[in-house]
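Student: Below are the structure tokens for one structure; questions will follow.
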Amino acid sequence: MELSRKAMGIKPSSTMEISSKAAQLKAEGKDVVAFAAGEPDFDTPEHICQAGIRAIETGMTRYTPAAGTPALRQAVCGKLKQDNGLNYTPAQVVISNGAKHSLMNAFLAILNEGDEVLIPAPYWLSYSEMVRIAGGVPVIIHTKKENQFMLTKEELEQAYTPKTKALVLTSPSNPTGMVTSRKDLEMVADFAVRHDIFVISDEIYEKLIYDEDKQHISIASLGKEIYDRTIVINGISKSYAMTGWRIGYAAAPLEVAKLMASLQSHMASNPNSIAQEAALAALEGSQNCVAEMCAEFRKRRDYIFEREEAIPLLSALKPEGAFYLFVDISETYGKRCGEKEIHSAADFASALLEQKYVAVVPCADFGMPDYMRLSYATSMELIKKGMDRIEEFVKELQ
Ligand code: PMP
Ligand code: GLU
């Protein structure tokens, strides 16, 4: 029997796949160092876990409103006001099962068959597949390294067609770690308003910025016209080390939020009631845990970048935020590791895993086949061990 052509056209998430492969090798007793999935290695802070436990003990174990509990939606409004200077009412906020789910709801709410969505590459691999699932057409814009992988006005205008419906913006970026400046946000906002398209602003790494002179700005805060066209996506997975709890959220113009909630009411009913209580504690409790984790990520960022810079044939930009190092490996092309010749980051990554048990993400699915991504959301000890092995691996190439 023929299965869904649409589903068969979707690539499974390779970040998730590589992480399970690394976990499987570990389970087999191999000494693997995984720079794979972007997942903080910290435990969820104690006061947040306690809120989850309390939720179970006090019987908060039933369905909640589809768009999330009133208390959590209110807390999200408070956070958006305080951190981002954004005014939203709870009716404009939809809580979902992770920011991934929020993004999927957003694409489903705004796209009609054949609508185009501009995605600047390098991009987080799920955007293109989500757009396809929603019936849209991903249009990849290749940004340049010499522009710090920042979009230019010319690139945007060139990619625009009358079918363009939205643009995806990720700052800080996965996979480059770059933070979009106010000036660049203004340029993007002007483009979106002029052509009357939506901006899906993925701000999930907002709290993880490492340089004093860099600051997170939500594009929705740049004026009413852009606010009316922006869907802000955020979540608690990265900043509170809560990847497994599965809570993300969107804030959007009222009509869009209503559609997202309606779709979600059929597809998922509501996000997990216990996780919503924990998310409430995360947003309303002390933010010291976020600052502490951020400080630790900063140390790791400095260390991993320094190590990478010292390895011949590799090059990278110093990440400003998130927890990824995006490394150009194209200078290793034509070199051999045993019998195998390297012609792509995928070749590099598979040889590295086979020879040295280091898992990295080759970035063809991020639109950049010459690059690998190293997630430094892992301990200093493992980063050191992994970088020692990568250095050895590159030096042994012939
Ligand atoms: N956006 C980006 C850029 C990400 O890297 C991730 C990581 N999975 C997500 C959204 C989704 O995060 P989650 O579903 O865990 O909230
Ligand atoms: N966002 C993380 C990553 O890029 C987690 C895995 C995923 O959802 O893709 O590795």
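All of the numbers you see were taken from the coordinates with simple rules; none came from a lab. The structure presented is a predicted model; accordingly, all values stated were derived computationally and were not measured. No Cβ is skipped: glycine too gets one built from the backbone with ideal geometry, and neighbour counts run over all protein chains shown.
Student: Take the residues of the range 7-21 that are away from ligand 1 (no atom under 16 Å from the Cβ) and surrounded by 11 or more Cβ atoms within 10 Å (Cβ to Cβ): which is farthest from Gly136 (Cα to Cα)?
Tutor: This residue is Lys21.
Student: Name every residue in the range 219-258 that is within 22 Å of Asp190 (Cα to Cα) and in a loop (DSSP other than H, G, I, E, B), in order of residue number.
Tutor: Gly223, Asp228, Arg229, Ala252, Pro253
Student: Oh, and also: Give the residue that is surrounded by the most Cβ atoms within 10 Å (Cβ to Cβ), with candidates limited to residues of the range 148-193 that are assigned to a loop (DSSP other than H, G, I, E, B) and free of Cβ contacts under 8 Å to residues at least 40 places away in the same chain.
Tutor: Once the filter is applied, the top-ranked residue is Thr180.
Student: Looking only at the range 59-83, filter to residues that are more than 18 Å from Ser237 (Cβ to Cβ) and touching an Asp or Glu at 6+ places or on another chain (Cβ under 9 Å); which one of those is surrounded by the most Cβ atoms within 10 Å (Cβ to Cβ)?
Tutor: That would be Thr69.
Student: Right, here's the next one. For Ala261, are the conditions met, namely being small (Gly, Ala, Ser), within 16 Å of ligand 1 (Cβ to nearest atom) and either in a helix (DSSP H, G or I) or touching a strand residue (DSSP E or B) at 6+ places or on another chain (Cβ under 7 Å) (or both)?
Tutor: no
Student: What's the total number of residues in the range 1-32 that are closer than 19 Å to Met104 by Cα and not in a helix (DSSP H, G or I)?
Tutor: Counting residues in the range 1-32 that are closer than 19 Å to Met104 by Cα and not in a helix (DSSP H, G or I) gives 6.
Student: Taking Thr44 as meeting all but one of (1) surrounded by fewer than 12 Cβ atoms within 10 Å (Cβ to Cβ); (2) over 27 Å from Ala261 (Cα atoms); (3) within 16 Å of ligand 1 (Cβ to nearest atom), write down the number of the exception.
Tutor: Among (1) surrounded by fewer than 12 Cβ atoms within 10 Å (Cβ to Cβ); (2) over 27 Å from Ala261 (Cα atoms); (3) within 16 Å of ligand 1 (Cβ to nearest atom), Thr44 violates only (1).
Student: I would also like to ask the following. Regarding Gly367, is this residue within 16 Å of ligand 2 (Cβ to nearest atom) and either of a type outside the set (A, V, I, L, M) or surrounded by fewer than 21 Cβ atoms within 10 Å (Cβ to Cβ) (or both)?
Tutor: So Gly367 passes the test.
Student: Okay, moving on. Before we move on, is Phe326 of a type in the set (A, V, I, L, M, F, W, C), assigned to a helix (DSSP H, G or I) and on the phi < 0 side of the Ramachandran plot?
Tutor: Answer is no for this residue.
Student: Filter the range 298-317 down to the residues that are assigned to a helix (DSSP H, G or I) and of a type outside the set (Ser, Thr, Tyr) and list them by number. So that I can check it myself, show each step before the final result.
Tutor: Initially, the range 298-317 is screened for residues assigned to a helix (DSSP H, G or I), giving 298-309.
Result: Arg298, Lys299, Arg300, Arg301, Asp302, Ile304, Phe305, Glu306, Arg307, Glu308, Glu309.
Student: Could you list, in sequence order, all residues of the range 228-248 that are within 12 Å of ligand 2 (Cβ to nearest atom), out of contact with any strand residue (DSSP E or B) (no Cβ under 6 Å at 6 or more places or on another chain) and over 19 Å from Glu292 (Cβ atoms)?
Tutor: Selection gives Gly244, Arg246.
Student: Six or more apart or on different chains, Cβ atoms under 6 Å: show the pairs whose first residue is in the range 14-42 and closer than 15 Å to Leu325 by Cα and whose second is assigned to a helix (DSSP H, G or I) and aliphatic (A, V, I, L, M).
Tutor: These pairs meet every condition: Ala34/Ala22; Ala36/Ile18; Ala36/Ala22.
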